[in-house]
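All remarks here apply to the structure that follows.
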Amino acid sequence: MASLGDQLDMEFSSLPVTKDQSKQFRFTTPYSYWPASIAVPAGTTSIQDPTTDLSGKRICVGTGTTYEAYLERTLSLSDLAPPFDYVVGQPQIVRFPTDIDALESLAFGEGRCDAVMTALPTIDRYARQGAPVVVAGDPLFYEPFAAAFGRDNGVDDTSLVAIVSQLIRDMHDDGTLSALSMKWYGVDLTTTQPGP
């Protein structure tokens with residue numbers, strides 16, 4: 001069976017930069033780091049700090065996501081990711097087909113979720129549409145996104161990976177990536193440091 005790594009030359013997307021994916025792809029320098037965040041119903045007071053308040057809670061996630069793997073304690077991000085700790089003890093993981101399905105269950109008060117774990121921009125976009133959800137506390141980890149080059153495509157693209165990595169570093173250094181992130185997301189997703 002063919003792998004995705006032999007079906008493409010280069011990809012810019014939200015492909016998880018995991019150790020398993022690194023077997024199929026060469027990754028560039030990350031161009032963004034998406035904060036893995038917690039959404040709770042607006043007005044919730046029982047979950048304010050994800051590092052202490054989530055243990056044993058019903059946490060909803062999209063199936064097959066890095067958030068699900070984090071809660072299962074099987075997440076293995078590549079060395080491009082900042083280090084993180086597993087801080088949620090014995091969560092009751094409730095799986096949905098997508099992150100948006102999980103957020104809808106939380107927002108509509110179906111009683112299946114105490115919280116949802118997904119990317120900060122996903123929560124922010126959903127809340128801006130009028131959903132009664134808010135972000136609780138700081139991110140639990142940062143997921144790097146990088147350009148991916150297939151390892152099994154029959155081409156030695158090592159030098160191209162280096163060139164694209166340098167272009168990404170230049171765009172970090174001159175502020176281009178930060179400006180684009182602020183324009184489209186309202187938050188700087190190019191860093192793992194909290195904004196002002």
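Residue by residue, here is whether (1) within 30 Å of CYS113 (Cβ to Cβ); (2) surrounded by 13 or more Cβ atoms within 10 Å (Cβ to Cβ) holds:
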| residue | (1), (2) |
| --- | --- |
| GLY130 | yes, no |
| VAL133 | yes, yes |
| TYR142 | yes, yes |
| ARG151 | no, yes |
| SER159 | no, no |
| ILE163 | no, no |
| ASP174 | no, no |
| SER178 | no, yes |
| ASP188 | yes, yes |
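If CYS113 satisfies all but one of (1) open to solvent by 20 Å² or more (accessible area, probe 1.4 Å); (2) at pLDDT below 95; (3) in contact with a Cys (Cβ under 6 Å, 6 or more places away or on another chain), what's the number of the condition it fails?
In the conditions (1) open to solvent by 20 Å² or more (accessible area, probe 1.4 Å); (2) at pLDDT below 95; (3) in contact with a Cys (Cβ under 6 Å, 6 or more places away or on another chain), CYS113 misses (1) alone.
Looking only at the range 74-90, which residues are more than 12 Å from PHE141 (Cβ to Cβ) and either of a type in the set (Gly, Ala, Ser) or at pLDDT 90 or above (or both)? Reasoning before the result, please.
Restricting attention to the range 74-90, the residues satisfying the condition of being more than 12 Å from PHE141 (Cβ to Cβ) are 74, 78-80, 89-90.
Residues satisfying the conditions are THR74, SER78, GLY89, GLN90.
Inspect all residues belonging to the range 1-13 and state whether any of them is crowded, with 20+ Cβ neighbours inside 10 Å and either of a type outside the set (Val, Ile, Thr) or farther than 29 Å from GLY130 by Cβ (or both).
Taking the range 1-13 as the starting set, the residues that turn out to be crowded, with 20+ Cβ neighbours inside 10 Å are none.
Among the residues of the range 1-13, not one is crowded, with 20+ Cβ neighbours inside 10 Å and either of a type outside the set (Val, Ile, Thr) or farther than 29 Å from GLY130 by Cβ (or both), which makes the answer no.
Only one of (1) over 15 Å from the mean Cα position of the chain (by Cα); (2) not in a loop (DSSP other than H, G, I, E, B) is not met by CYS113, so which one is it?
(2)
Within the range 67-79, work out how many residues are open to solvent by less than 60 Å² (accessible area, probe 1.4 Å) and touching a Phe, Trp or Tyr at 6+ places or on another chain (Cβ under 8 Å).
So the count comes out to 4.
For the range 106-139, how many residues meet the condition of being more than 16 Å from THR45 (Cα to Cα) and either touching a residue at least 60 places away in the same chain (Cβ under 8 Å) or touching a strand residue (DSSP E or B) at 6+ places or on another chain (Cβ under 6 Å) (or both)?
Result for the range 106-139: 11.
Yes or no: the range 98-107 includes at least one residue that is within 15 Å of the chain's Cα centre (by Cα), buried (at least 21 other Cβ atoms within 10 Å of the Cβ) and either within 30 Å of ILE168 (Cα to Cα) or of a type in the set (Ser, Thr, Tyr) (or both).
Yes - at least one qualifying residue is present in the range 98-107.
Which residues, taken from the range 157-195, are closer than 18 Å to PRO35 by Cβ, out of contact with any Asp or Glu (no Cβ under 9 Å at 6 or more places or on another chain) and not in a helix (DSSP H, G or I)?
ASP188, LEU189, THR190, THR191, THR192, GLN193 - these are the residues of the range 157-195 that are closer than 18 Å to PRO35 by Cβ, out of contact with any Asp or Glu (no Cβ under 9 Å at 6 or more places or on another chain) and not in a helix (DSSP H, G or I).
The values are calculated or read from the model by the stated rules, or taken from the named source; none is laboratory data. What you see is a predicted model; the values in this text were computed from it and never measured. FYI the Cβ positions are ideal-geometry reconstructions off the backbone, even for glycines, and counts take in every protein chain you see. Calculation scope for accessible area: heavy atoms of the full protein, side chains included, ligands and nucleic acids excluded. Shrake-Rupley method; radii C 1.70, N 1.55, O 1.52, S 1.80 Å.
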